[in-house]
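The values are calculated or read from the model by the stated rules, or taken from the named source; none is laboratory data. Just so you know, these numbers come straight off a predicted model, no measurement behind them. As a convention, Cβ positions derive from the backbone with ideal geometry for all residues, glycine included, and neighbour counts pool all protein chains shown. Heavy atoms of the whole protein, side chains included, go into the accessibility calculation; ligands, DNA and RNA do not. Shrake-Rupley method; radii C 1.70, N 1.55, O 1.52, S 1.80 Å.
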Amino acid sequence: MSGLSSFFVVYLLMPAANWLAWKTKLLDMPKGRKGHSRPIPLSGGLAMFVGLLLVSTFFAGAQKTVAVLAVGGAVLVAIGWVDDTYKSQKKEFPALPKLTVQLLVAMMTFLMDIRFRGINLMWLGGEEGTYISFPILVSLLMTVLWIVGLINMVNFLDGVDGLAAGATAISAVTLFFLSMLKGQELTALLAVALAGAALAFLRFNFYPAKIFMGDAGSMFLGFALGVISLEGTMKGATIISLVVTVLAVGLPIVDTVQVIISRLLAGSPMYQADRRHVHHRLMSRGLSTKQTVIILYIVSLLFSVLAVFLFYSQ
């Protein structure tokens, strides 16, 4: 029910987000590596954030995880909106303020006790029930790396119409099934609501896109995936639950890893935008935007099916 509600709320909010973008001139102007030839509103992320927050609060109330998504999401949407405003003016927003905000949001999540806590070693041959708690600094480091990593991974995917939203929806549906198998009702509710929000946005963002999510949207989606997975499948983690969670968000992780390796081998700066992402590589081989996105949807689905299969068969 929360998934359908989220879909319809975000769907109804999209025209207002579109109007706001034109009113404030928050538009992605065509230039350079851009694939579009006309200005496109950058406000889709705001509609997803507001819609998901309304639905989550209605169904789950002011629970801790909902509060973290609300506060952290609001901060990320705000800094993303500033970044998108710079883009609309054909300027570059410095990376340091964004990274600082991402780190602060990740640490806030940790302080709210949504974190890596430890691991059960039963899958490494230890006795059943053997559990190792991580030292506080290790827990903090792993939590921050996971959340900041996912924020930027989803942001990296947002380079082709429909890719980031579709991949997020697939990952969220996977986290929903995994949470249901673990009996985690709250994270299942949040995951399916996130999927609904992403699918509603996708209705307007699939090629040719009528609206973009902007950095505000991509950072929020990555943050939401990070929080839901930490509070869901990674809670009381075993080796297998860590593996299936990584598989659930497999596409953005694989894309980021291959970009990092490629830039290291080429001696290129890690922060410099280029066309090394997997969607750029596919399109450089002659695939159309639709073909590229559909292929990557299939890859993401395969990761998700494998994740559910591994979890169910343990």
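Overview of values
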read-out	value
Subset of segment 290-314 that is without any contact (Cβ under 8 Å) to a residue 24 or more places away in the chain and farther than 10 Å from GLY250 by Cβ - its residue that is most open to solvent (accessible area, probe 1.4 Å)	PHE309
Residues satisfying the stated conditions in segment 76-116, i.e. free of Cβ contacts under 8 Å to residues at least 12 places away in the same chain and touching an Asp or Glu at 6+ places or on another chain (Cβ under 8 Å)	TYR86, PHE93
Residue tally, condition hydroxyl-bearing (Ser, Thr, Tyr), modelled with pLDDT of 75 or more and open to solvent by 10 Å² or more (accessible area, probe 1.4 Å), over segment 236-252	0
Some residue of segment 213-232 being under 30 Å from TYR86 (Cα atoms) and either among the acidic types (Asp, Glu) or over 18 Å from the mean Cα position of the chain (by Cα) (or both)	yes
Search result, residues across segment 80-97 that are part of a loop (DSSP other than H, G, I, E, B) and open to solvent by 40 Å² or more (accessible area, probe 1.4 Å)	GLN89, LYS90, LYS91, GLU92, PRO94
Boolean, THR174 is touching a helix residue (DSSP H, G or I) at 6+ places or on another chain (Cβ under 9 Å), outside any loop (DSSP other than H, G, I, E, B), of a type outside the set (A, V, I, L, M) and within 28 Å of MET283 (Cα to Cα)	yes
Hey, ALA224 more than 24 Å from PHE134 (Cβ to Cβ) and open to solvent by less than 30 Å² (accessible area, probe 1.4 Å) or not	no
Number of the exception - THR57 against (1) without any contact (Cβ under 8 Å) to a residue 40 or more places away in the chain; (2) touching a Ser or Thr at 6+ places or on another chain (Cβ under 9 Å); (3) part of a helix (DSSP H, G or I)	(2)
Near pairs, Cβ below 7 angstrom, 6+ apart or cross-chain, from segment 1-25 (open to solvent by 100 Å² or more (accessible area, probe 1.4 Å)) to any residue that is assigned to a helix (DSSP H, G or I)	LEU4/GLY196; LYS25/SER88
Top-ranked residue of segment 127-160 - restricted to ones that are more than 16 Å from GLY73 (Cα to Cα) and of a type in the set (Val, Ile, Thr), ranked as most open to solvent (accessible area, probe 1.4 Å)	ILE136
Residue list for segment 191-212, restricted to those being in contact with a Leu (Cβ under 8 Å, 6 or more places away or on another chain) and farther than 21 Å from SER288 by Cα	ALA191, ALA193, LEU194, GLY196, ALA197, ALA198
Qualifying positions in segment 135-150 - under 17 Å from GLY226 (Cβ atoms) and not β-branched (Val, Ile, Thr)	SER139, LEU140, LEU141, MET142, LEU145, TRP146, GLY149, LEU150
From ASP274, ASP255, residue being surrounded by fewer than 16 Cβ atoms within 10 Å (Cβ to Cβ) and either at pLDDT 80 or above or over 18 Å from the mean Cα position of the chain (by Cα) (or both)	ASP274
